[in-house]
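Comments concern the structure below.
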Amino acid sequence: MARATFQVEILTPEGEVFNEQVEMLSTRTAVGSIGVLANHTPLLGLLEPTELRLYRSESEIVRFAQGEGYIQVGENRALVLVEEAIAPQDLDEQDLREKLRVAEADVASAEEGSEAQRRAIRDRRRWQAFLEVSGSSGG
Amino acid sequence: MSQRDVKQRIDSVKNIRKITSAMQMVAAARLRRAEQRIAALRPYAGAIRRMTRQAAEAAGGEVAGNPLLAQRESESNVAIVLVTADRGLAGAFNSQIIRAGLRAAEDLRAEGKQARFYATGRRGVSSLVFRKLEPVGQYVGFTERPAYANAREIAEDLMAAYVDGQVDRVEILYNGYISPLTQEVRREVLLPLQRATIDEAIAQAATEPSHPGHEHHALVDYEPEPGVILQRLIPDYVEISVYRALLESSASELGARMTAMRSATDNASEVIEDLTLEMNRARQAEITQEIMEVVAGAESLV
């Protein structure tokens, strides 16, 4: 039996990338992985880079490499506000590897405890997450 | 000039006109897309404002304590970010930013302060390198079509330099987009971020249409607590400001190039007209010369 659905809008600085009814949304906040179903309690969360999954049905899943951002849930709608939401097939694995390499070098060379180092750690985490999404798409 | 030389020049100017008119059309098409990207940022920026309001209300309104908002007592090192283009052929687009940047640096020096340059666009980078003012941060290869990731990279470099104390203030200079025909040089302070910027965003959000879940914040789950969310929202304002500057600059660049190429095309048409007149005159002179020779020859036979 089909589950109840709710509206999900994904908005990035470069425009809207998704606005549809889905059965479930899964992503990761600063606290941990979450799955959002219809009629979820109101929520405001910090999103960490991960694979964002939107279940149109149990078998039809739309996936994105999701950057840092926010999620707001209420009134049976969800707004996902992220810096990036990239379809797996649009990820450039080689480019991501290069970015990850630079971030790792920056983490190592930056002064311990500096903002430059914290920033490099954020970059490293993002490119790692994107690489995982790119790898799991088989491309 | 002989008739043949003039004809050759006409052909070459016609070729130039073909190129400038193609460049004008390409710039016009890209300008439309650049305008769309500026429009596409608005809903995102609005949603960030509304989330800031919600997080600030839930956190008790306190945004203080964020290092990006901390004003330094002495601002001895000032970062100047010059937003230029990768390419030229756009009138005064690049030179007016570079000139304004050099003047700003001179003013700072006169006050006993040190300027550190950051530059986007190959034109700005190479101008500074040529003047032995090597930019600390160099960002090239995207000026016609900047992505948010480009803005984030620049903003994060600047914020890290600010928080780690390498610079005490950050200013950005870019061509603000007014219309395809009009751009203006804008100079804005990026850091320290003004408390007023956040307060105004919160006030503006109150006037905008509501969003899911906002009415009942007592019942809202926060992951993590609203104070942490609020602190994470603050750097977004710097990123969005940099992104907006890059977008406006790209629209301005394309507008300037379109205008420059239109006048180049018009000039070429004028030159072609003048040369065609000249060629006709040369041809007429040659014909007259030949008739005179024929007449003279005939007369000598009489």
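The values are calculated or read from the model by the stated rules, or taken from the named source; none is laboratory data. Small disclaimer: the values here were computed from a predicted structure and weren't measured. Please note: Cβ atoms are built from the backbone with ideal geometry, for glycine as well, and neighbour counts cover all protein chains shown. All accessible areas refer to the heavy atoms of the entire protein, side chains included, with ligands and DNA or RNA removed. Shrake-Rupley method; radii C 1.70, N 1.55, O 1.52, S 1.80 Å.
A count restricted to region A:107-131 and to residues that are open to solvent by 70 Å² or more (accessible area, probe 1.4 Å) and in contact with an Asp or Glu (Cβ under 7 Å, 6 or more places away or on another chain) stands at 1.
Of all residues in region A:29-63 being open to solvent by less than 60 Å² (accessible area, probe 1.4 Å) and of a type in the set (V, I, T), which is nearest to the other protein chains (Cβ to nearest Cβ)? Only one residue tops the list, namely A:T29. Kindly establish whether A:R97 is surrounded by fewer than 16 Cβ atoms within 10 Å (Cβ to Cβ), farther than 18 Å from B:D157 by Cα and basic (K, R). So A:R97 fits the description; yes.
Output the residue which, of all residues in region B:42-67 that are of a type in the set (A, V, I, L, M, F, W, C) and surrounded by fewer than 19 Cβ atoms within 10 Å (Cβ to Cβ), is farthest from B:I154 (Cα to Cα). Ranking the qualifying residues of region B:42-67, first place goes to B:A58. Here B:L89 meets the list (1) assigned to a loop (DSSP other than H, G, I, E, B); (2) within 27 Å of B:Y237 (Cα to Cα) almost entirely, failing just condition (2). For B:L82, the requirement of being crowded, with 20+ Cβ neighbours inside 10 Å and either without any contact (Cβ under 8 Å) to a residue 24 or more places away in the chain or in contact with a helix residue (DSSP H, G or I) (Cβ under 7 Å, 6 or more places away or on another chain) (or both) is met. Just one of the listed residues (B:G141, B:G124, B:G101) is open to solvent by 10 Å² or more (accessible area, probe 1.4 Å) and either assigned to a loop (DSSP other than H, G, I, E, B) or touching a Gly at 6+ places or on another chain (Cβ under 9 Å) (or both), and it is B:G141.
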